[in-house]
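Some notes on the structure that comes next.
The values are calculated or read from the model by the stated rules, or taken from the named source; none is laboratory data. Computed from a prediction, not measured in an experiment: that's the story for all the values here. Here Cβ is always computed from backbone atoms with ideal geometry, including for glycine, and neighbour counts include all displayed protein chains.
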Amino acid sequence: MTWFIGSGLVSYLAIAALAGGAPPALLFFVWIFLLDGPHVIATVTRTYLDDQERQHLGLLLWIIVPMVLIGPLAVWGGMAQEFFIAASFWQAWHVAKQHFGFVMLYKAKSQDRTDFLLDKWTLLGCYMIPFMCFWLSIMGITIWYMMAAYLALISIFLVRQVQNWTSGQSVNAPKLMIFACVLPLQWLAFAHAAPFGIDGAVRMAMAGGVFHALQYHRLILFHNRNRYEGADASPMAAFFSHNLLAYLGLVIGLYGAIAYVGGLSSYLQAATWGVSFSHYVIDSRIWRLREDKKLVSALRLAAA
């Protein structure tokens, strides 16, 4: 409740602070340099620093090399704005997938084997539609059909929940709380960010990104502290998992160094997106429960 669901309240507070006139630069600094950027680096603690995981993932860990080239090539080709829009879409999709990942964890925990496709596409679709409405509104394209699609998805989902409840089936409360926390947040972010035009893209991303980053930091620490214990644990992974100051120093310090390099030129700034892109790809691989018994154990899902 506190970290995986309740931390969404911080995003609501961030929107309220921005709407109330709080300095955007200050909130942006907190989001990027203390939360979002470091959460990208946090993946290092259970991949590059884990001896067994390095061997298991192999060449996938080298994906960062081509990824850091995408941005500079786009800038060189005069497509910097198109690159930024595409990167923001991938970022939003990554956040949506993480929220669905938590839905799947709670479904596994409660042995809920129903409505997989409905849960998946309601959450992913209803998360992405307000984001797409933001960009369409900037381009002057009507968004009524997107809102109609949203209403159709959410209506089918709600009708199904009522059916489950009236038929006496168990209600997966944590799953529903994630839906209730995530989906209104996106519309509030859209309503706040849209009047700022393209400059509102950062505000839109910040709203969802704060929640996402807090979730991930707690998940990675929970996982790592359970996985890297005992004599057979990878020494580096164990050190940065059981020492909070060391963990914070690594993820904040390393991202700070990357951000500093990115500030030297537009090409290097675009290249830093490659670190995030690598995180998106690797992260989609390392949280697959069916393929990793140690992951199941570390997330305390063995019984489920």
Suppose we filter the range 191-202 for residues that are closer than 16 Å to ILE85 by Cβ and surrounded by fewer than 23 Cβ atoms within 10 Å (Cβ to Cβ); how many remain?
8
Criterion: at pLDDT 90 or above, exposed (fewer than 15 other Cβ atoms within 10 Å of the Cβ) and in a helix (DSSP H, G or I) - qualifying residue of LEU118, LEU123:
LEU118
Pairs where the first residue, in the range 62-79, is within 14 Å of SER265 (Cα to Cα) and among the basic types (Lys, Arg) and the second is at pLDDT 95 or above and surrounded by 11 or more Cβ atoms within 10 Å (Cβ to Cβ), C-beta under 7 Å, 6+ apart
none
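Looking only at residues in the range 143-164 that are of a type in the set (Val, Ile, Thr) and over 18 Å from HIS192 (Cα atoms), which one is nearest to the chain's Cα centre (by Cα)? Walk me through how you get there before you give the answer.
Of the residues in the range 143-164, the ones of a type in the set (Val, Ile, Thr) are 143, 154, 156, 159, 162.
If we keep only those that are over 18 Å from HIS192 (Cα atoms) too, we end up with 154, 156, 159, 162.
Working: ILE154: 22, ILE156: 25, VAL159: 28, VAL162: 29 Å.
The extreme case among them is ILE154.
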Check VAL162 against each of (1) in contact with a Lys or Arg (Cβ under 6 Å, 6 or more places away or on another chain); (2) of a type in the set (A, V, I, L, M); (3) surrounded by fewer than 12 Cβ atoms within 10 Å (Cβ to Cβ) and name the one condition it does not meet.
(1)
Of ASP119, ASP112, which residue is among the acidic types (Asp, Glu), under 30 Å from SER155 (Cβ atoms) and within 20 Å of the chain's Cα centre (by Cα)?
ASP119
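Mind checking which residues of the range 65-113 are among the small types (Gly, Ala, Ser), part of a helix (DSSP H, G or I) and over 23 Å from ASP283 (Cβ atoms)?
Start the filter on the range 65-113 by keeping residues that are among the small types (Gly, Ala, Ser), which leaves 71, 74, 77-78, 80, 86-88, 92, 96, 101, 108, 110.
Now drop any that are not part of a helix (DSSP H, G or I), which leaves 71, 74, 80, 86-88, 92, 96, 101, 108.
Within the range 65-113, ALA80 is the sole residue that qualifies.
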Can you tell me which of VAL281, VAL296, VAL251 is modelled with pLDDT under 95 and not hydroxyl-bearing (Ser, Thr, Tyr)?
VAL296
Part of a helix (DSSP H, G or I) and not β-branched (Val, Ile, Thr): is that true of LEU219 in this structure?
yes
Just wondering, is there one or more residues in the range 73-96 that are modelled with pLDDT of 95 or more and within 30 Å of ASP232 (Cβ to Cβ)?
no
Of all the residues that make up the range 126-154, how many are in a helix (DSSP H, G or I) and either farther than 17 Å from GLN186 by Cβ or of a type in the set (Lys, Arg) (or both)?
2
Of the residues ARG203, ARG225, only one is part of a helix (DSSP H, G or I), farther than 21 Å from ILE129 by Cα and not hydroxyl-bearing (Ser, Thr, Tyr); which?
ARG225
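Kindly indicate the residue of the range 99-122 that is touching a Phe, Trp or Tyr at 6+ places or on another chain (Cβ under 7 Å) and touching a residue at least 60 places away in the same chain (Cβ under 8 Å) and also farthest from TRP273 (Cα to Cα) among those meeting that condition.
First, pick out the residues of the range 99-122 that are touching a Phe, Trp or Tyr at 6+ places or on another chain (Cβ under 7 Å): 99, 101-102, 118, 120, 122.
Then keep just the ones that are touching a residue at least 60 places away in the same chain (Cβ under 8 Å); that gives 99, 101-102.
Values: HIS99: 22, GLY101: 23, PHE102: 25 Å.
Top of the filtered list is PHE102.
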Is there a residue being out of contact with any helix residue (DSSP H, G or I) (no Cβ under 9 Å at 6 or more places or on another chain), closer than 16 Å to MET204 by Cα and modelled with pLDDT of 90 or more anywhere in the range 28-41?
yes
Of VAL296, VAL261, VAL281, VAL210, which residue is aliphatic (A, V, I, L, M), crowded, with 19+ Cβ neighbours inside 10 Å and either in a helix (DSSP H, G or I) or free of Cβ contacts under 8 Å to residues at least 24 places away in the same chain (or both)?
VAL210
Here the qualifying pairs (Cβ atoms under 9 Å; residues six or more apart or on different chains; first in the range 5-33 and over 29 Å from LEU176 (Cα atoms) and assigned to a helix (DSSP H, G or I); second β-branched (Val, Ile, Thr) and modelled with pLDDT of 95 or more) come out as PHE33/ILE252
